[in-house]
Ligand code: SF4
Ligand code: SF4
């Protein structure tokens, strides 16, 4: 066994815990999970059956932790793991899984495939088998503070633009604000309309908020590549920034995995509870709607749908809130056939979009979203994740459907809200 294979096998052994053992032992090999995964449905290739993506780890589990596997090991009957196996499974666990969680809803025994893929990725990272794109993104996140290399200087430049556009100051490092708003790198670099949009919304609704120059990045490459150490360090930076400003809430941005990292995994990653609450931007906007703090200035008559970001909706539970907001503004809101809990992924979540190698497969499986959109015929797709937004724009262009506009929910909402005269930054009085 080569040194590299040895490292990978040992890393997998370390990652196999009680849940993983129970998932492998309860799998009835029915293959039903295949029909839940767009990498299988859009290619017909059995290697993309969700449970098969874990087969390498399963072989280690059987060999090391089951009686029959140990007997076979003793008799020298187990199939050895090779360098070629590692190369193949690296592509399966990184390029053909968006961590969308749809397969778990189909599995009759409820196996949590995302949990297993995350564990397998931890082992792949530990043994040096993670895609270059994700390795680079994680390095930039640790060294620069953003997976895309976005700096504080860039944020400040975008804040200046936003202040001009919104006609009011954008609060930065405002001590004692109630809410700390995080952004994703893609929002700062590409979809920066979000900054004037939330500035106007929060101003009108009387929300006391701020951005932070020390904790502005909400994304977490550690979650995507499968490194709990990196993920914990990135979460800790947000905790430190929030603590310094004394905020009561931290707002997770329109980015799917940022919400998973901060809301659901963060306290376990850093090993302690937060001194604040985490709220998704869409949850907060819906709360403001319910409290009558969002005043409409007209409605949107175009035909539109909502694309469910998997981490926010299926895995995160923010399901009704975007629909409440859509129904508040849109007069012709139509759902895709399978939506909400059963929505289909854009194809680029879970770090898939960060891997150049995965691009041909990712573009191919967009056929699922294309078919869904063709069925309903819309003018606009509203979503709440900047990565989904990028994937949708790319997929629509590939399929000559780019007459369909893609927008972020917060920014779209801001267009239809009453705007009164500006006041001081972050002033909720
Ligand atoms: S989590 Fe999603 S992408 Fe990954 S195997 Fe399951 S259905 Fe496929
Ligand atoms: S659906 Fe569940 S039980 Fe069936 S093969 Fe997939 S993981 Fe195993």
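The values are calculated or read from the model by the stated rules, or taken from the named source; none is laboratory data. On a predicted model such as this, the values are computed, not experimentally measured, just so you know. Glycine gets a Cβ as well: all are built from the backbone with ideal geometry, and neighbour counts include every protein chain shown.
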Problem - Long-range neighbours under 8 Å by Cβ, at least six apart or interchain, first residue more than 13 Å from residue 27 (Cβ to Cβ) and in contact (Cβ under 8 Å) with a residue 24 or more places away in the chain within the range 45-60, second within 13 Å of ligand 2 (Cβ to nearest atom) and not in a helix (DSSP H, G or I) - result: 48/37
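Table: residues versus (1) in contact with a helix residue (DSSP H, G or I) (Cβ under 9 Å, 6 or more places away or on another chain); (2) part of a loop (DSSP other than H, G, I, E, B); (3) modelled with pLDDT of 95 or more.
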site: 275; (1), (2), (3): yes, yes, yes
site: 278; (1), (2), (3): yes, no, yes
site: 310; (1), (2), (3): yes, yes, yes
site: 316; (1), (2), (3): yes, yes, yes
site: 332; (1), (2), (3): no, no, yes
site: 348; (1), (2), (3): yes, yes, yes
site: 359; (1), (2), (3): yes, no, yes
Practice task
Look at residue 353 and say whether it is free of Cβ contacts under 8 Å to residues at least 40 places away in the same chain and within 22 Å of residue 221 (Cα to Cα).
Solution key: yes
Fill in the blank from the handout: Selection over the range 36-59 where residues are under 17 Å from residue 85 (Cβ atoms), more than 13 Å from ligand 2 (Cβ to nearest atom) and loosely packed, with under 13 Cβ neighbours inside 10 Å yields a count of 0
Completion exercise
So the helices (runs of 4 or more DSSP H) completely within the range 28-86 holding 3 or more residues that are within 16 Å of ligand 1 (Cβ to nearest atom) are 38-41, 55-65
Completion exercise
Among 27, 33, 107, the single one that is within 13 Å of ligand 2 (Cβ to nearest atom), over 29 Å from residue 258 (Cα atoms) and touching a helix residue (DSSP H, G or I) at 6+ places or on another chain (Cβ under 7 Å) is 27
Exercise for the section: For residue 285, work out the one condition from (1) within 14 Å of the chain's Cα centre (by Cα); (2) part of a helix (DSSP H, G or I) it doesn't fulfil. Expected result: (1)
Practice task
Would you point out the residue of the range 87-112, among those that are within 10 Å of ligand 1 (Cβ to nearest atom) and not in a loop (DSSP other than H, G, I, E, B), that is surrounded by the most Cβ atoms within 10 Å (Cβ to Cβ)?
Solution key: 93
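Yes/no matrix, rows are residues, columns are (1) surrounded by 20 or more Cβ atoms within 10 Å (Cβ to Cβ); (2) within 17 Å of the chain's Cα centre (by Cα); (3) farther than 18 Å from residue 387 by Cα:
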{"position": "173", "(1), (2), (3)": "no, no, yes"}
{"position": "178", "(1), (2), (3)": "no, no, yes"}
{"position": "186", "(1), (2), (3)": "yes, yes, no"}
{"position": "195", "(1), (2), (3)": "yes, no, no"}
{"position": "214", "(1), (2), (3)": "no, no, yes"}
{"position": "223", "(1), (2), (3)": "yes, yes, no"}
{"position": "227", "(1), (2), (3)": "yes, yes, yes"}
{"position": "247", "(1), (2), (3)": "yes, no, yes"}
{"position": "256", "(1), (2), (3)": "yes, yes, no"}
Handout entry: Residue count for the range 246-265, restricted to those that are part of a helix (DSSP H, G or I) and closer than 12 Å to residue 182 by Cβ
Key = 5
Exercise for the section: Tell me, yes or no, whether the range 289-298 has at least one residue that is crowded, with 19+ Cβ neighbours inside 10 Å, more than 28 Å from residue 119 (Cβ to Cβ) and in contact (Cβ under 8 Å) with a residue 60 or more places away in the chain. Expected result: yes
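Residue-wise test of (1) assigned to a loop (DSSP other than H, G, I, E, B); (2) more than 18 Å from the chain's Cα centre (by Cα); (3) within 16 Å of ligand 1 (Cβ to nearest atom).
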site: 292; (1), (2), (3): yes, yes, no
site: 370; (1), (2), (3): no, yes, no
site: 382; (1), (2), (3): no, no, no
site: 401; (1), (2), (3): yes, yes, no
